[in-house]
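*Asks:* Shown below is the structure under consideration.
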Amino acid sequence: MKVKTILVSQPEPKIENSPYFDLQEKQKVKIDFRPFIHVEGVSAKDVRQQKVDLSKYTAIILTSRNAVDHFFRVAKEMRFTVPDSMKYFCQSEAVAYYLQKYVVYRKRKIYVGKRTFSELSPLIKKYKDEKFLLPNTDKVKQEVPDTLNALGVDWKQATFYKTVVSDLSDLADVYYDILVFFSPSGIESLFQNFPDFKQNDTRIAVFGNTTIKAVKEKGLRVDIAAPTPETPSMTMALEKYIEKVNKGK
């Protein structure tokens, strides 16, 4: 079956040169964007109930831009002035760059990993005498606590924000040829919104092994998977599939 419509379970890209827009134009398909999940901040009161006193920590571990936003939001709500001496351990360059929204970069002690959390661990180990706070979501990848425990550092994890299922009721009667998912939470949202969802002719595109596993556990069929050596990005995987099924259009 030919592909004419795609729903991507993420917010619409803010950059004009997004590969999704190129794909839409090149393949003459309609691509809609809709976050199946969203993030909601936890109140300062709830953070305090987790026995978190921000003044007790000398280093913050930041795994995402959400973690950056919500750490500084909670600090503001608690009327806590983050000291200039605070060390920041950022999982990636993107997170470190985003930190500039809140601190003067060149005047702060910022340590940057390459991409994965395990790649950040040598830097944390180097400063193992610090007291680390991990402001995070309620759904933390197991790799994170496992890595920190293995390093033997003094650390605490606290929920500063939560991943929440979005209301998709307006999509009940809308059909798409392809649904695109990037996390198990997206699959969870699909079934919370539509408990009787039947795949039928809908193609499902997924990114990452944990998402593939979540799709299969729900008895659904994976039609398009990324990343692969041939198609390292989702847009490349979609383009390859569309070119194959839309031949002769």
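*Asks:* Where the only charges are on Cβ atoms (+1 Lys, Arg; -1 Asp, Glu), what is the dipole of segment 1-83 about its Cα centre, to the nearest 20 debye?
*Replies:* Roughly 120 debye for segment 1-83.
*Asks:* Only four residue types carry charge here, +1 at the Cβ of Lys and Arg and -1 at the Cβ of Asp and Glu. Report the dipole size of the chain about the Cα centre in Debye, rounded to the nearest 20.
*Replies:* 700 debye
*Asks:* What size of dipole, in debye to the nearest 20, comes out for segment 104-197 about its Cα centre when the only charges are +1 on Lys and Arg C-beta atoms and -1 on Asp and Glu C-beta atoms?
*Replies:* 1200 debye
*Asks:* So what are the chain's ellipsoid semi-axes, whole angstrom, largest first, if each one is the square root of 5 times an eigenvalue of the alpha-carbon gyration tensor?
*Replies:* Semi-axes, largest first: 38, 20, 17 Å.
*Asks:* Over 26 Å between C-alpha atoms is what I'm after, so list which of K51/K139; K51/K141; K107/K139; K28/K213 land there.
*Replies:* K107/K139; K28/K213
*Asks:* If you roll a 1.4 Å probe over segment 77-185 with all protein chains in place, what percent of the accessible area is carbon or sulfur?
*Replies:* 47 percent
*Asks:* Also, quick follow-up: Hey, what's segment 74-114 come to in accessible area per residue, 1.4 Å probe, Å²?
*Replies:* 66 Å²
*Asks:* Now for a separate question. Using alpha carbons only, how many degrees (0 to 90, rounded to 10) separate the axis of helix 234-245 from the longest principal axis of the chain?
*Replies:* The answer is roughly 10 degrees.
*Asks:* I'd like the distance between the alpha-carbon centres of segment 83-162 and segment 199-235, rounded to an integer number of Å.
*Replies:* 30 Å
*Asks:* In addition: Contact order normalised by length for the chain, with contacts defined as Cα pairs under 8 Å and 6 or more residues apart; what percent is it?
*Replies:* Result for the chain is 22 percent.
*Asks:* Rounded if a/c is under 1.5, else prolate if a/b is larger than b/c, else oblate: which is segment 172-213, with a ≥ b ≥ c the root eigenvalues of its Cα gyration tensor?
*Replies:* Judged from the Cα gyration tensor, segment 172-213 comes out oblate (a/c at least 1.5, b/c at or above a/b).
*Asks:* Continuing with the same structure: Determine the share of segment 1-70's accessible area contributed by carbon and sulfur atoms, expressed in whole percent, with a 1.4 angstrom probe.
*Replies:* Reported share for carbon and sulfur atoms: 50 percent.
*Asks:* Now, a different point. Where is the GNM fluctuation largest for the chain (alpha-carbon springs, 10 angstrom cutoff): S55, S183, S64?
*Replies:* Maximum among the listed residues: S55.
The values are calculated or read from the model by the stated rules, or taken from the named source; none is laboratory data. Nothing here was measured: the structure is a model prediction, and the numbers come from that model. Methodologically, a virtual Cβ is constructed for each residue, glycine included, from the backbone with ideal geometry; neighbour enumeration extends over all protein chains shown. To get the accessible areas, we keep the full protein, side chains included, count just its heavy atoms, and leave off ligands, DNA and RNA. Shrake-Rupley method; radii C 1.70, N 1.55, O 1.52, S 1.80 Å.
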